[in-house]
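Structure, as structure tokens:
Values quoted throughout were computed directly from the atomic coordinates according to the rules given, and no laboratory measurement underlies them. Please read all numbers here as calculations on a predicted model, not as lab measurements. Positions of Cβ are generated from backbone atoms using ideal geometry, with glycine treated the same way; all protein chains shown enter the neighbour counts.
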Amino acid sequence: VQLQACGGGLVQAGGSLRLSCAASGRTFSFYALGWFRQAPGKEREIVAAISRSSGSTYYSDSVKGRFTISRDNAKNTVYLQMYSLKAEDTAVYYCAAQATVGIPREQKNYAYWGQGTQVTVSS
């Protein structure tokens, strides 16, 4: 599966953005999906993930209550709605996919990656 992320940009602290990640292929619904981010000088970390049926989601503590992950299997797209953005949310955001039943939380467990989209939050 090929992934294409978009929707990043420059936003003021307290603002919102919605990232999208479109996938190719006809088996999108077989994949768990995740959003990761990498800030300058830091390791890539998981932000949120969603199971292939949308029945389960996971959020890191740093974004819980502010970000929402969702997917539209008919459109082969996963979204990350981000509210109340903070300067520390500034990073390159990546979407990832793995054909599995559960919700992988580590990047090593995702086989497919998008190219990343930059999110910059000004304080």
What is the distance, in nm, between label points placed 7 Å from the Cα along the Cα-to-Cβ direction at S29 and at S70? 1.9 nm
Hz values of 3J(HN,Hα) by residue in region 67-73 - Karplus curve (6.51, -1.76, 1.60), Gly and Pro given as x: 10, 9, 9, 8, 9, 10, 5
Which value in nm describes the separation of the simple spin-label points at K42 and K86, placed 7 Å from the Cα toward the beta carbon? 0.9 nm
Estimated Rh, region 12-65: Kirkwood, alpha-carbon pairs, angstrom: 13.2 Å
Return the sequence-ordered ³J(HN,Hα) values of region 91-104 in whole Hz as given by the Karplus equation 6.51 cos²θ - 1.76 cosθ + 1.60 applied to θ = phi - 60°, using x for Gly and Pro. 4, 8, 9, 10, 9, 8, 9, 8, 7, 7, 7, x, 10, x
Please list, or write none, the lysines whose alpha carbon is within less than 22 Å of the alpha carbon of K86, excluding same-chain residues fewer than 8 places away. K42, K64
Assigning unit charges at the beta carbon (Lys, Arg +1; Asp, Glu -1) and nothing else, what dipole magnitude in debye, to the nearest 20, does the chain show about its Cα centre? 220 debye
